[in-house]
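Report on the structure given below.
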Amino acid sequence: MTGRLGCATRYNAVIHLRGGRVVWTPLDPEGITDVSWGRTLGDYSEASVTVAKQGQPRECLRRLADVVDEADRITPGVHCWSHELSIYRDGGLVWQGPVWQPTETRSTITIDARDVLMWNDRQVLATTFSAGETDAGWMLRRIMTTTYPQGSPNDPNIAEHWRIDAPAGRRYALDEAICAGSTTVGKLVRDVCKVGVDQFTLGRKIYMVPSHYRTTRAPYRLHEDDVLGDLEVREGGGDMATEGYAYGKEPQDGCAHYGLWPPGGFTSAWFGRVTKWRESTDSNDPSTLADMARASYEYGWPPPKAIVLPDGARLAPTAPVSIGQLVPGRPFQVSLPSYVLGTHARFRLNEVEVSWAPPEPEAVQVSLVTLNQPPEEAA
């Protein structure tokens, strides 16, 4: 598989049975008109493959549809959740996940899918966690091992494909017990990851690793000349703050709150006191409120910036990175010398979007965000 951006020579797509191990049917590469796939930090990504019906032999499309034989026995076709979409770039698997929405028109069949993290959103929590502070890494491992026990027929081939390397000492505070069946695995995992764990997929592999694991490495470097088309730099006034403030649910005996001012008072006379207020609806724990206030301040100061490649822009084939290096959470040193609002600073890769519609070349778009994690449920 070539890693050079925008230079894929071919894409192939295959429909697998649930679990991604058994091929159900390949999609004829000559009939593929559009392919899109991505990688997302902190949540599932999406993919889509469109196949033209015209010119395709009926037997090539036959396994996409339910088939009824003479004895009225049904051989199921492609359906959401029972099948998975796999996308190959120059022969290498780059994306895989359950079919989400097959759509047919007069001229095309489109298979929309979401990556394997989506399985977590269709699984209820299988274990109970008591109130109190819990090590985040232990909790994530407990969630995944009880949801997808090795050898279980209900495991959609997830048990062998997750890696959890959570930071030692990171704690997740539970003001009340979380009971088995009271939430989905996906929701709880996303909540736990907000204490400093990056979650993303590469192919079928699920990663949950410390947010600082990749940002401490030497960054890749991007110059504005590495982008074809326009490039946007955005400063977020909605997230900017010189003070973080968190308020807990009302206790019986008083108020629970925590405010974090920047060291030495207000940041400068230019900004004064700009407060980012957040509410914890399920905790009065002082350390939890302190963490919430700190997260708001650290994300909001200096004013957070994002770099986005809008529609029509893409990374150039000469950009000094490959498809394999576009991993969510990785640091990038970005230099924009001609921009008035430009910057020469480190960012984290937040999202990758790849599209291919022959005969047009492959387009690779990215978004980069400030190194700090955005706080949860900021008001």
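Just so you know, all these numbers are worked out from the coordinates, no wet-lab data involved. Fair warning: this is a prediction, and the values are worked out from it, not measured in the lab. Here the Cβ positions follow ideal geometry from the backbone for every residue, glycine too, while neighbour counts run over all protein chains shown.
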*Just P98, P286, P76 to compare: in a GNM of the chain, with alpha carbon springs under 10 Å, which one fluctuates most?*
P76
*Stretchable slack from D191 to D28, in nm (0.36 nm times residue separation minus alpha-carbon distance)*: 54.6 nm
*asked:* If each residue of separation counts as 0.36 nm, what is the full-extension length gain between S130 and E232 once their alpha-carbon separation is subtracted?
replied: 32.1 nm
*For every other residue with a beta carbon closer than 12 angstrom to the beta carbon of W356, add +1 if it is Lys or Arg and -1 if Asp or Glu, then tell me the sum.*
-2
_Only four residue types carry charge here, +1 at the Cβ of Lys and Arg and -1 at the Cβ of Asp and Glu. Report the dipole size of the chain about the Cα centre in Debye, rounded to the nearest 20._
860
_Dipole of the chain, positive direction: furthest Cα of G244, T105, A8, with charges on the beta-carbon_ = A8
*Take the chain, connect every pair of alpha-carbon atoms lying under 10 Å apart with a spring to form a Gaussian network, then pick out the residue of D198, D175, D69 with the largest mean-square fluctuation.*
D69
*Over its Cα atoms, what ratio of radius of gyration to 2.2 N^0.38 Å does region 1-125 give?*
1.10
*asked:* To the nearest 20 Debye, how big is the dipole of region 72-134 about its Cα centre, given +1 on the beta carbon of each Lys and Arg and -1 on that of each Asp and Glu?
replied: 160
*If we restrict to alpha carbons, what Rg and Dmax does the chain come to, in Å?*
23.4, 82
*In a shell of Cβ-Cβ distance under 15 Å around P156, excluding P156 itself, what net charge do Lys and Arg (+1) and Asp and Glu (-1) give?*
+1
*Looking at the chain, send over the antiparallel percent of its DSSP beta bridges, to the nearest 5.*
85
*asked:* Principal axis extents for region 98-236, Cα atoms only, whole Å, descending order, please.
replied: 52, 47, 29
*For the chain, what's the relative contact order in percent, using C-alpha pairs closer than 8 Å and at least 6 residues apart?*
18
*What number, rounded to the nearest 500 deg cm²/dmol, is the helix-based mean residue ellipticity at 222 nm of the chain, given -39500 (n - 2.57) per DSSP H run of at least four residues and division by all its residues?*
-3500 deg cm²/dmol
*Two-site label geometry, T75 and R141: point separation in nm, points 7 Å out along Cα→Cβ*: 4.6
*Full extension from K249 to V68: what is 0.36 nm times the residue separation minus their Cα-Cα distance, to one decimal in nm?*
59.3 nm
